[in-house]
Protein chains: 2
Amino acid sequence: MVRQPTMKDVAALAGVSLSTVSRVVNGDPGRPDLAEKVQRAIDVLGYRRDMTASNLRRADRTSASVGLVVADVANPFFAALLRGVEDLARTRGVLTYAGSSDEDPDRERELVQGFTARRVDGLVIVPSGGDDSYLLREQQAGATLLFVDRPGVTLNVDTVLSDNAGGIATAVRHLHAHGHRRIAFLGDLQRIFTSRERLRGYREALAGLDIPVDESLIRLEVHNSQAAAEVTRELMARSDPPTALLTAQNLITIGAIHALRSRQLHHGVAHVGFDDLVLADALDPGITVVAQNPSSLGERVGTLLFERLDSVTGPPRRIIVPTTLIPRGSGEIGPRQ
Amino acid sequence: MVRQPTMKDVAALAGVSLSTVSRVVNGDPGRPDLAEKVQRAIDVLGYRRDMTASNLRRADRTSASVGLVVADVANPFFAALLRGVEDLARTRGVLTYAGSSDEDPDRERELVQGFTARRVDGLVIVPSGGDDSYLLREQQAGATLLFVDRPGVTLNVDTVLSDNAGGIATAVRHLHAHGHRRIAFLGDLQRIFTSRERLRGYREALAGLDIPVDESLIRLEVHNSQAAAEVTRELMARSDPPTALLTAQNLITIGAIHALRSRQLHHGVAHVGFDDLVLADALDPGITVVAQNPSSLGERVGTLLFERLDSVTGPPRRIIVPTTLIPRGSGEIGPRQ
DNA sequence: CTGAAAGCGCTTACAG
DNA sequence: CTGAAAGCGCTTACAG
């Protein structure tokens with residue numbers, strides 16, 4: 001391991017002062033002959049500036065890095081979101097830290113504090129829903145905070161959300177238009193904001209259609225595919241089964257697909273899932289879904305972030321990204337056939 | 001934006017020297033009464049150490065951060081790999097930068113140089129296959145380099161790979177065991193190492209089975225689903241179509257699935273895909289795949305990385321992570337039925 | 001315009 | 001053990 005050359009080395013080789021090297025490195029023209037000598041020394045030594053030292057002394061203290069805390073970077077939804085943020089950051093020469101909280105408030109806090117200790121310029125957080133008052137201190141210390149996918153609890157900052165309630169409501173009305181009134185709702189953990197929003201969309205859409213809510217058709221706290229499959233089988237074994245299924249999350253949708261197929265019910269029960277799935281269009285019937293747009297969420301939150309970093313002032317903004325119903329067959333099955 | 005409190009502020013409030021604060025922050029015991037005074041001042045001010053400054057002066061110059069350059073963080077394979085690295089890094093209090101090269105050597109280089117300029121301790125790279133001699137300088141400067149998913153071109157460092165050739169060979173033998181001799185191979189861009197390896201596995205497996213290679217059944221440079229669907233339709237429209245399809249990548253598999261279904265051939269032509277897919281088991285027939293283990297790749301590369309950072313010496317190591325054939329129906333269809 | 005000096009927020013010899 | 005001083009690799013007033 002060789003010692004990395006420093007500005008001092010460059011200055012010595014070029015026969016100029018440290019200040020002159022710094023100015024050349026920072027693009028300040030100065031005397032052309034000196035600039036050229038410095039550039040030559042830089043090339044010879046293979047010098048590259050230490051951004052951490054540069055950042056330490058610089059007046060604006062900007063590190064050209066941002067941190068993103070999501071529930072799980074391996075989840076395709078959050079991976080697409082990360083990519084959206086990264087693409088926007090790249091256009092500004094900003095690099096992206098990524099971390100997974102696994103919905104654990106303690107891990108969220110560790111990640112956030114790790115990022116701020118490394119002096120990120122901005123921090124994009126998918127809040128896990130715990131006490132987020134600790135973020136106040138990060139904010140006061142200068143970190144530009146944004147929430148994405150879910151709003152904060154105590155903190156009110158720029159936030160980008162999917163239209164969860166609206167997307168589910170569209171799905172309910174779509175099923176109703178195909179003749180359904182007994183629509184079961186399978187939802188995730190209610191401590192997650194998006195789960196609560198989707199349930200709200202379900203209730204409000206039914207109310208708007210003057211359909212009384214049958215609470216026995218609402219099954220919550222379903223957090224994985226296996227649980228979803230069990231719940232689906234249970235619902236379909238009833239003497240008065242639902243004629244349609246609304247699955248409010250990816251893994252739930254997958255579980256329901258398996259359960260319906262194993263009971264040969266996939267041509268007899270309507271099904272709409274929230275979140276799109278690879279191969280959903282290759283199944284028979286294709287799975288009708290309400291698709292979110294995670295990379296758009298990422299881009300939007302990135303745009304807001306860099307606007308703030310460019311010192312846009314004003315009250316916190318909230319952006320709702322629309323969802324899209326994609327009919328593929330399963331959502332267009334009628335109540336009896 | 002309030003100025004972040006510094007060690008100097010803590011020292012002033014606690015009535016001790018800067019050195020004492022530094023020692024307390026770094027866990028050096030010292031006089032208990034002083035340590036307590038310092039801790040109180042830290043709590044009152046909400047002081048948190050600036051890691052970038054700490055790193056600058058520290059003897060080992062370690063930043064507790066690593067950088068990961070993959071082709072695309074939004075690709076589920078690379079997202080799982082990222083998660084594997086992150087999980088291992090977290091156990092050491094190390095944070096992870098992530099970046100997407102989109103297979104572009106220039107973007108790869110920009111990302112790498114951005115990470116090293118921020119003095120990451122380690123750098124995990126999925127090399128895009130261009131000239132990687134620039135990495136030599138990064139390595140000499142002290143960055144611990146590792147390759148994952150693909151080996152480097154000029155540089156020989158610790159590398160973690162999937163058993164691409166072996167996985168494809170297993171698939172060929174599996175199809176052969178079910179009676180196939182005319183097995184078409186659809187491969188991705190041959191400038192990508194994994195694509196070449198998979199083709200090699202195909203050729204070697206056929207040779208091992210004493211089946212002459214029919215070059216007209218090999219279709220390469222297929223880079224997306226649409227192209228794969230077209231190639232599939234073209235192959236199946238021949239007077240002597242293949243009886244089995246081997247699709248060497250995720251998007252190719254998806255394209256082939258669509259093409260076979262649109263021609264009602266999915267129950268008549270055998271099909272094995274490389275890389276697992278969500279819902280592959282919900283299709284009829286289920287799609288037989290050779291599954292990679294990306295999170296295991298991530299963990300393995302993380303393990304190697306931290307061993308090196310703990311100053312393990314010795315020659316570069318190469319780890320091959322096995323793949324798994326998962327029979328689900330499509331790969332068990334016979335040549336004529 | 002350039003260069004010498006101070007300083008960013010820390011850690012680390014060194015003296016007491 | 002503690003504290004004063006030097007220094008990590010830079011940037012930034014400031015003097016010439």
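The values are calculated or read from the model by the stated rules, or taken from the named source; none is laboratory data. These numbers were taken from a predicted model, which means no experiment stands behind them. Backbone-built Cβ (ideal geometry, glycine too); neighbour counts: all protein chains shown. For the accessible areas, the whole protein counts, side chains as well, though only heavy atoms, and no ligand, DNA or RNA atoms are used. Shrake-Rupley method; radii C 1.70, N 1.55, O 1.52, S 1.80 Å.
Annotations for the structure displayed:
- Rounded FRET efficiency, nearest 0.05, which uses the C-beta distance separating B:His267 from B:Arg61 and R0 of 56 Å: 0.35
- Charged side chains reduced to their Cβ positions (Lys and Arg at +1, Asp and Glu at -1) give the stretch A:1-159 a dipole of some 1060 debye around its Cα centre.
- For chain B, the dipole from Cβ point charges (+1 on Lys and Arg, -1 on Asp and Glu) about the Cα centre works out to 660 debye, to the nearest 20.
- The radius of gyration of the Cα set in the stretch A:7-49, together with its Dmax, comes out at 8.6, 22 angstrom.
- In order along the stretch B:312-322, the Karplus-derived 3J(HN,Hα) couplings, from 6.51 cos²θ - 1.76 cosθ + 1.60 at θ = phi - 60°, round to 6, 9, x, x, x, 9, 10, 10, 10, 8, x Hz, and Gly and Pro are given as x.
- Highest-fluctuation residue, B:Glu86, B:Glu197, B:Glu36 considered, GNM on chain B with Cα pairs under 10 Å: B:Glu36
- Take the Cα radius of gyration of the protein assembly as shown and divide it by 2.2 N^0.38 Å, N being the number of residues; the result is 1.08.
- Measuring nothing but protein heavy atoms, the accessible surface of the stretch B:7-49 at 1.4 Å probe radius is 55 percent carbon and sulfur.
- Convex hull volume of the stretch B:66-124 per residue (C-alpha atoms, cubic angstrom): 61
- Rounded to the nearest 500, the 222 nm mean residue ellipticity of the protein assembly as shown from helices alone is -13000 deg cm²/dmol, with -39,500 (n - 2.57) taken per DSSP H run of at least 4 residues.
- Under 5 Å from the amide H of B:Leu95 lie the amide H atoms of B:Ser65, B:Val66, each residue being 5 or more positions distant or on a separate chain, with H modelled from the backbone and absent for Pro and chain starts.
- Helix A:32-45 and the longest principal axis of the Cα set of chain A meet at an angle near 70°.
- Rounded to the nearest 10 Å², the accessible area of B:Leu325 at probe 1.4 Å: 50
- Degrees between helix A:193-208 axis and first principal axis of chain A (Cα, 0 to 90, nearest 10): 40
- Backbone geometry of the stretch B:17-31 corresponds, through the Karplus equation with coefficients 6.51, -1.76 and 1.60 at θ = phi - 60°, to 3J(HN,Hα) couplings of 7, 4, 4, 5, 4, 4, 5, 4, 4, 8, x, 6, x, x, 5 Hz, x marking Gly and Pro.
- In the stretch A:60-193, taking the dipole from charged Cβ atoms about the Cα centre, the farthest positive-side position among A:Gly122, A:Ser162, A:His180 is held by A:His180.
- Ordering of B:317-324, A:201-208 by packing [mean C-beta count within 10 Å, highest first]: A:201-208, B:317-324
- The tail of the calculated P(r) for the stretch A:281-337 beyond 13 Å holds 71 percent of all Cα-Cα pairs.
- Exercise: per-residue mean of other protein chain Cβ atoms within 10 Å, A:133-140: 2
- Integer Hz, Karplus 6.51/-1.76/1.60 couplings in order for the stretch B:65-80, x for Gly and Pro: 9, 10, x, 10, 10, 10, 5, 7, 5, 7, 6, x, 4, 6, 5, 5
- Kirkwood-based shape ratio for the stretch B:60-191, expressed as Rg/Rh from alpha carbons: 1.07
- Inter-chain Cβ neighbour count for A:276-282, averaged per residue, equals 6 (cutoff 10 Å, partner chain atoms only).
- GNM top mover of B:Val289, B:Val157, B:Val21 - chain B, alpha-carbon springs below 10 Å: B:Val21
- When each of the peptides B:93-101, A:256-264 is scored by how many other beta carbons lie within 10 Å of its residues on average, the order from highest to lowest is B:93-101, A:256-264.
- Within the assembled protein chains, the solvent-accessible surface assigned to B:Asp50 is about 20 Å², based on a 1.4 Å probe.
- Alpha-carbon Debye profile of the stretch A:227-337, log10 I(q)/I(0) at 0.14 Å⁻¹: -0.62
- Here is how far apart the A:Asn224 label points are across copies: 3.6 nm, shortest first, using a point 7 Å from Cα toward Cβ.
- Between helix B:250-262 and chain B: long-axis angle, C-alpha atoms, 0 to 90°, nearest 10: 30
- Whole-Å distance, taken between Cα centres, linking the stretch A:62-96 and the stretch B:230-300: 32
- Near B:Thr288, once Lys and Arg are set to +1 and Asp and Glu to -1 for all other residues with Cβ below 14 Å from its Cβ, the sum equals -3.
- Protection proxy ranking for B:243-250, A:225-232, B:300-307, using the average of other Cβ atoms within 10 Å per residue and placing the highest first: B:243-250, B:300-307, A:225-232.
- Label geometry 7 Å along the beta-carbon vector: B:Arg40 inter-copy distances in nm: 6.3
- Per-residue SASA entry for A:Met51, accessible area with 1.4 Å probe, Å² rounded to 10: 40
- Tail fraction, Cα-Cα pairs, the stretch A:1-122, threshold 19 Å, whole percent: 61
- Charge dipole (debye, nearest 20) of the stretch A:7-49; +1 at Cβ of Lys and Arg, -1 at Cβ of Asp and Glu: 100
- The mean accessible area for residues of the stretch B:169-305, using a 1.4 Å probe and ignoring ligands and nucleic acids, is 38 Å² per residue.
- Taking every residue in A:106-119 and counting other chain Cβ atoms within 10 Å of its Cβ, the average works out to 3.
- 12 Å beta-carbon shell around B:Ala227, net charge (K/R +1, D/E -1): -2
- Beta bridges per DSSP with both ends in the protein assembly as shown, % antiparallel, nearest 5: 10
- Local electrostatic count at A:Val73 - Lys and Arg +1, Asp and Glu -1, tallied over other residues with Cβ under 11 Å: -2
- Hull volume in cubic angstrom per residue (convex hull over the Cα atoms of chain A): 171
- Under the criterion of Cα pairs below 8 Å and six or more residues apart, the relative contact order for the stretch A:7-49 equals 45 percent.
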